[in-house]
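The structure under discussion appears below in the form of structure tokens.
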Amino acid sequence: MTVERIVNEMVAQPAPDTLTPGSWSLVADSSRSLVVEQGVRAELLVIDAEAAVSIDINVAQGAELRMVYVSQTQSANHIKLTVAEGGRCDVTQVMTHSSEVHFNTMLDGRFATFELNGVFVLTGDDRGGVTVDVHHNMPDCTSCTIVKGVASGSAHGRFSGVVYVAPDAQRTDSKQLSRNVTLGDARIETLPQLEIYADDVKCSHGATVGQMDAEAVMYMRQRGLSLVDAKRLQLEGFVSDVVMRSAIGRIAEPLQELISEKINRL
Amino acid sequence: MLKVENLHASVGDKDILKGINLTVKAGEVHAIMGPNGSGKSTLASVLAGNEKFTVTEGKVEFLGKDMLSLSIEERSRMGLFLGFQYPVEIPGVTMANFMKLAVNEQRKARGLEPLSAAEYLRMMREKSAVVELDSKLTSRAVNEGFSGGEKKKNEIFQMAMLDPKLAILDETDSGLDIDALRIVATGVTRLHTPENATVVITHYQRLLDYIVPDFVHVLYKGRIIYSGDKSLALKLEKEGYDWLINDYKEE
């Protein structure tokens, strides 16, 4: 396997109008290994196109990786992220199709930061799963994982995540949140887990699975919105912060369109 | 405009409204008062079309149409507005986006074209001034993190945007400080025209210092037991409901 090195600021390419596999940056059509070199700020859009892909990314000291990961095809992908001292990795994860994606993050240097905002929207008989494991291997690292799930029809969704804090990883600051809405007979399972071996840490985790807010739908209908529009707007609102915090700001719009289009099919 | 005849409604197997009669004409302001639990908010919800309640008997005509067969949104598009006692928070949905959809639905129902972005912005600016609503709030999520006063101002802002024929304001004055009460009540008064009508549900006479009612009704145990003019509200403020309720009990 060749290792691609990102040594300069990644050249800004025009944002794609639509997010089709292979449209931009990096097509995940094979296994790849990347290094974001020291002090470099890189942006990476990955749209999976193959059944099984594994990507191994090293974020060097003080480097910053901003990644958007879109699962649009039936695939099972594994992304390993290793972040060195003072490095930072921001991920936006979007899934609108039966798919499995697994982020495995190693915070291997002090003051490394990992943030993931994810969303999966599943309809019909989709089966989707998002796994986010974060290993705090060194002290003073920060991580924040928020994954939102929406499932309708007879779809099944799953979130699972482990935050592991090594014995010496003092002053770890970690957040993990899984929030989900199910419609109809759909099911979402959520398994947030903490594994802590240090004593001076700040770790929070939470999970919710609920229905649409009937009061909010009623409120919107009282203002003249149809039932369908009210539900659509509420779900778009529910996942909107993921898009708003898109790791790559200029593709927020196509991401929003991708999600809206899927929500319209719920 | 609105004609309610012998309206009965229940939630589960509990009867709440037990024969309401009420007629509201264009240009009128009605106040509905009454002790807690008498059915005031239920009446507002049933008129708006809240599906939680079941109408078991009676008739409601709105602008000459049988209203009870219409959905919540159909009633809204005909020009019925409900100011909520507890406005609902909708995370992630901005006021501006929400109102744009709502305004255009109302326009569609009236046979008008959707507003252009510029027209819509101008309208929002103009209407938010009616209730001195901070224009920043329109870019925030609907009611999320709004103070009690902002939520109620926001209800009247929406009323101004949607220009309803009939506005039912359910305890719009509850939870307001003196200044917010004045602003909200003045806003309602400014929106009042000879072509529309307002029904305010309230516990307190002080709201009616601003929104002067043509009629005051007292709701008790699911029925309107007494109606009068604005002096009734003053009398109730001074003497409470006992004299009325006692009369009613003896019946």
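The values are calculated or read from the model by the stated rules, or taken from the named source; none is laboratory data. Bear in mind that the values here come from a model prediction, so they are computed numbers and not experimental data. Don't worry about glycine lacking a Cβ; one is built from the backbone with ideal geometry, like all the others, and counts go over all protein chains shown.
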message: Go through (1) within 14 Å of chain B (Cβ to nearest Cβ); (2) within 21 Å of the chain's Cα centre (by Cα); (3) buried (at least 18 other Cβ atoms within 10 Å of the Cβ); (4) not in a helix (DSSP H, G or I) for residue A:159 and report which single condition fails.
response: (1)
field: Selection within the stretch B:124-140 - over 22 Å from the mean Cα position of the chain (by Cα) and not charged (D, E, K, R)
entry: B:135, B:139
message: Just checking, does the stretch A:221-238 include any residue being in a helix (DSSP H, G or I), in contact (Cβ under 8 Å) with a residue 60 or more places away in the chain and more than 30 Å from residue A:140 (Cα to Cα)?
response: yes
- request: Would you be able to tell me the number of residues in the stretch B:220-239 that are in a helix (DSSP H, G or I), within 19 Å of the chain's Cα centre (by Cα) and not basic (Lys, Arg)?
  value: 1
- line: Checked the stretch A:63-92 for anything within 15 Å of residue A:46 (Cα to Cα), in contact (Cβ under 8 Å) with a residue 40 or more places away in the chain and either in contact with a helix residue (DSSP H, G or I) (Cβ under 8 Å, 6 or more places away or on another chain) or surrounded by fewer than 20 Cβ atoms within 10 Å (Cβ to Cβ) (or both); matches are A:68, A:70, A:72, A:73, A:92
message: Here are the criteria: (1) farther than 18 Å from residue B:152 by Cβ; (2) part of a loop (DSSP other than H, G, I, E, B); (3) more than 8 Å from chain A (Cβ to nearest Cβ). Tell me which single one residue B:50 does not satisfy.
response: (3)
message: What's the total number of residues in the stretch B:20-39 that are modelled with pLDDT under 95 and not aliphatic (A, V, I, L, M)?
response: 6
message: Restricting to the stretch B:141-162, name every residue that is more than 12 Å from every other protein chain (Cβ to nearest Cβ) and of a type outside the set (A, V, I, L, M).
response: B:145, B:146, B:147, B:148, B:149, B:150, B:152, B:153
- request: Mind telling me which of the residues B:38, B:76, B:116 ends up being touching a strand residue (DSSP E or B) at 6+ places or on another chain (Cβ under 6 Å) and among the polar types (S, T, N, Q)?
  value: B:38
- prompt: For the stretch B:87-138, what are the residues that are within 14 Å of another protein chain (Cβ to nearest Cβ), part of a loop (DSSP other than H, G, I, E, B) and either touching a residue at least 60 places away in the same chain (Cβ under 8 Å) or loosely packed, with under 13 Cβ neighbours inside 10 Å (or both)?
  reply: B:87, B:110, B:112
- prompt: Can you name the residue in the stretch A:217-266 that is more than 7 Å from chain B (Cβ to nearest Cβ) and among the polar types (S, T, N, Q) and, of all such residues, is nearest to residue A:117 (Cα to Cα)?
  reply: A:246
field: Hits in the stretch A:63-99 (condition: at pLDDT 95 or above and not in a strand (DSSP E or B))
entry: A:84, A:85, A:86, A:87
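Out of all the residues in the stretch B:184-206, is one or more modelled with pLDDT under 90, farther than 25 Å from residue B:49 by Cα and assigned to a helix (DSSP H, G or I)?
Within the stretch B:184-206, the first condition is being modelled with pLDDT under 90, and the residues that meet it are B:203-206.
The next check asks that each one be farther than 25 Å from residue B:49 by Cα; those that pass are B:204-206.
Next cut, assigned to a helix (DSSP H, G or I) only: none.
So far as the stretch B:184-206 goes, no, none of its residues is modelled with pLDDT under 90, farther than 25 Å from residue B:49 by Cα and assigned to a helix (DSSP H, G or I).
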field: Residue, farthest from the other protein chains (Cβ to nearest Cβ), within the stretch B:26-47, restricted to residues that are out of contact with any Leu (no Cβ under 7 Å at 6 or more places or on another chain), among the small types (Gly, Ala, Ser) and touching a residue at least 24 places away in the same chain (Cβ under 8 Å)
entry: B:27
task: Being over 17 Å from residue A:178 (Cβ atoms) and touching a Phe, Trp or Tyr at 6+ places or on another chain (Cβ under 8 Å) narrows it down to one of A:65, A:107, so name that one.
output: A:107
query: Of the numbered conditions (1) among the polar types (S, T, N, Q); (2) closer than 27 Å to residue A:261 by Cα; (3) assigned to a strand (DSSP E or B), residue A:154 satisfies every one except a single condition; which is it?
result: (3)
message: I'd like to check something: does the stretch B:22-44 contain any residue that is surrounded by fewer than 20 Cβ atoms within 10 Å (Cβ to Cβ) and over 30 Å from residue B:229 (Cα atoms)?
response: no
task: Among residues belonging to the stretch B:53-83 that are at the interface with chain A (Cβ under 10 Å from one of its Cβ atoms) and in a strand (DSSP E or B), point out the one that is farthest from residue B:112 (Cα to Cα).
output: B:83
- request: Only residues that are basic (Lys, Arg) and more than 21 Å from residue B:1 (Cα to Cα): list them for the stretch B:153-167, please.
  value: B:153
